[in-house]
Amino acid sequence: MPYDDLRGYLEALDKHGQLLRFTEPVDPEPDLAAAANAAARLGAGAPALCFEQVTGYPTGRVALNVHGSWANHAIALDLPPATPVRRQVAEFSRRWESFPVPPERRAAPPFLAHTVEGDDIDLYRVLPLFRLNAHDGGCYVDKAAVVTRDPADPDHFGKQNVGIYRLQCKGRRRFGIQPGSIHDIARHLRVAEERGQDLPVAVALGNEPVISVVAATPMAYDESEYELAGALRGAPAPIARAPLTGLDVPWGCEVLMEGVIESRVREIEGPFGEFTGHYSGGRRMPVVRIDRVSYRTDPLFEQLYLGQPWTEIDYLMGPATCVPLLQQLRAEFPEVVAVNAMYTHGLVAIVSTRSRLGGFARAVGLRVATTPHGLGYCKVVIVVDETVDPFDLPQVMWALSTKFNPSDDVIQLPKMSILPLDPSSDPTGVSGKIVLDATTPVPPDRRGRHGTPVRDLPEAAAWLERLRALTGGGRT
């Protein structure tokens, strides 16, 4: 059954033993970030954390590591907590086939319980802010659904963007925002600034779990995240109209902040400990002015710790990166079987495919690097046979060990686009890319000696199921 808000999801996590509640007082710094950092080191079954008393914030509760394990990700999709990762990705892909599912507009959103406007707003009092990593340039909000519309086509529902962008608190009513150049919000802002206009924006904080998933999913420009949320939920996503901006926002969010991205205003933002496991430096970035804040009674503040992988963001974005790449590739190459792009937002992508002619795997690898998502990511692409599970790293390493010859099976692509946050890019935003062909050659290719591979014995499959039943699982 899908969740309408973050509170319902936390109840489900609690029911499955995937939530730890802390009732004793904790300090915002260093306790909250350190706890989330530690939770990320517990591995694929790590629980979510909920802190009921945060010093200095008498009405604010803080939830951390909400998506931060494969068990939690499965529960977010209403799957059994023990669902293996490959099956979660396959189910994500299956539900995508139902896209689009129109949202459900609901009245009386709970975030309208309390409102603060104009100069009465003080973000430091409303939000339990804290630094996530030691050298961050300030306090960040990094798991909000940021909503904007295309100023040139404001009535096109699909061109309304819902994305996750880091927000640095810079004052009582101001955030610095980093709208990456490859993201839809940057396109919206560019159009607004060309017209000399501010860009209306709504920032929804503390959302039901699928909203966070779709906000982190690379989609086509005119595809609606809310309509994908309905497909993934198996039921329409509940939305409401924001009272100030008129933007469509998640009905069940805990806090809604509305205002504008100020036209042609730039201030230094950063540094920030990013998903790459490195700090990004300070850069001149746009500024958000908040004009209205609405929030639920006893709001639940959600924060996402990110640093050296794996952390919560890798679980949140892993399947959400694999499936769009798979969909885009299959539209042109139906031979593609599976895509594993879970490593650092897809900076490394592993693709399994059938090969219908010589050199086919290389064509697939080149297309990976030039998909809408691959333009900014997919720096290293490994292509393997359809019999190799890209989610099983021992199998991938076997393919690289025995089918890949560095003299012949490398395609280097110099000076390609990459997201500016990649610390290896030089100059910033430009990097070489590489395709590694670890597939079995098919005619007219005649490289190596791969004609007689060892296959599983015919009886092995039945024995595998028998052994799994006796041992309670095993790798799948």
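The values are calculated or read from the model by the stated rules, or taken from the named source; none is laboratory data. Being a predicted model, the structure only gives us computed values, none of them experimental. Note that we place each Cβ from the backbone using ideal geometry, even for glycine, and neighbour counts take in every protein chain shown. Remember, those area values only see protein heavy atoms, side chains included, never the ligands or the DNA or RNA. Shrake-Rupley method; radii C 1.70, N 1.55, O 1.52, S 1.80 Å.
Structural remarks
- Conditions (1) more than 19 Å from W96 (Cα to Cα); (2) in contact with a Gly (Cβ under 9 Å, 6 or more places away or on another chain); (3) hydroxyl-bearing (S, T, Y): number failed by T321: (1)
- Contact map, region 392-421: first residue on the phi > 0 side of the Ramachandran plot, second residue among the β-branched types (V, I, T) and outside any loop (DSSP other than H, G, I, E, B), Cβ cut-off under 7 Å, separation 6 or more or different chains; pairs are K415/V430.
- Criterion (more than 25 Å from the chain's Cα centre (by Cα) and under 21 Å from A242 (Cβ atoms)) met by exactly one of D142, D120, D150: D120
Residue-by-condition table, conditions (1) more than 29 Å from L232 (Cβ to Cβ); (2) in contact (Cβ under 8 Å) with a residue 60 or more places away in the chain; (3) open to solvent by 10 Å² or more (accessible area, probe 1.4 Å):
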site	(1), (2), (3)
A38	yes, no, yes
R41	no, no, yes
Q53	yes, no, yes
F99	no, yes, yes
R105	no, yes, yes
P109	no, yes, yes
V116	yes, yes, yes
D122	yes, no, yes
R131	yes, yes, yes
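- Annotation note: of V348, V339, the sole residue that is within 24 Å of the chain's Cα centre (by Cα) and open to solvent by 10 Å² or more (accessible area, probe 1.4 Å) is V348.
- Tally of residues being of a type outside the set (K, R), loosely packed, with under 14 Cβ neighbours inside 10 Å and either assigned to a loop (DSSP other than H, G, I, E, B) or modelled with pLDDT under 85 (or both) across region 451-476: 12
- Qualifying positions in region 119-143 - assigned to a strand (DSSP E or B) and among the aromatic types (F, W, Y): Y140
- For region 392-429, a residue qualifies if it is within 20 Å of Q178 (Cα to Cα) and assigned to a strand (DSSP E or B), and exactly one does: S417.
- Pairing each residue of region 452-476 that is on the phi > 0 side of the Ramachandran plot with any residue that is at pLDDT 85 or above and part of a helix (DSSP H, G or I), provided the two are 6+ apart or on different chains, yields C-beta distances under 9 Å for G474/L464; G474/L467.
- Any hit, region 297-319, residues being within 24 Å of L375 (Cα to Cα), in contact with a strand residue (DSSP E or B) (Cβ under 6 Å, 6 or more places away or on another chain) and open to solvent by less than 30 Å² (accessible area, probe 1.4 Å): yes
- Test for V146: is it outside any loop (DSSP other than H, G, I, E, B), within 18 Å of Y295 (Cα to Cα) and of a type outside the set (G, A, S): yes
- Looking only at region 72-88, and only at residues there that are open to solvent by 10 Å² or more (accessible area, probe 1.4 Å) and hydrophobic (A, V, I, L, M, F, W, C), the one that is farthest from L232 (Cα to Cα): A82
- Of all residues in region 162-198, those satisfying the criterion of being open to solvent by less than 10 Å² (accessible area, probe 1.4 Å), under 16 Å from V249 (Cα atoms) and touching an Asp or Glu at 6+ places or on another chain (Cβ under 9 Å) are V162, G163.
- Some residue of region 218-239 being out of contact with any helix residue (DSSP H, G or I) (no Cβ under 8 Å at 6 or more places or on another chain), part of a strand (DSSP E or B) and buried (at least 24 other Cβ atoms within 10 Å of the Cβ): no
- Scanning region 358-391 for residues that are in contact (Cβ under 8 Å) with a residue 60 or more places away in the chain, charged (D, E, K, R) and in a loop (DSSP other than H, G, I, E, B) yields one hit, D389.
- Which listed residue, of V396, V384, V430, is within 28 Å of the chain's Cα centre (by Cα), more than 16 Å from A363 (Cβ to Cβ), surrounded by 15 or more Cβ atoms within 10 Å (Cβ to Cβ) and among the hydrophobic types (A, V, I, L, M, F, W, C): V396
- Residue match in region 203-211 (condition: within 25 Å of F99 (Cβ to Cβ), crowded, with 23+ Cβ neighbours inside 10 Å, among the small types (G, A, S) and touching a Ser or Thr at 6+ places or on another chain (Cβ under 7 Å)): no
- Restricting region 246-265 to residues that are more than 24 Å from R7 (Cβ to Cβ) and touching a residue at least 60 places away in the same chain (Cβ under 8 Å) leaves a set whose member that is most open to solvent (accessible area, probe 1.4 Å) is R264.
- Contacts under 7 angstrom Cβ, first residue in region 269-292 being free of Cβ contacts under 8 Å to residues at least 12 places away in the same chain and surrounded by fewer than 19 Cβ atoms within 10 Å (Cβ to Cβ), partner not basic (K, R) and not in a strand (DSSP E or B), 6 or more apart: G281/G270; G281/P271
- Scope region 55-70; condition open to solvent by less than 50 Å² (accessible area, probe 1.4 Å), over 17 Å from E254 (Cα atoms) and of a type in the set (G, A, S); matching residues: G68, S69
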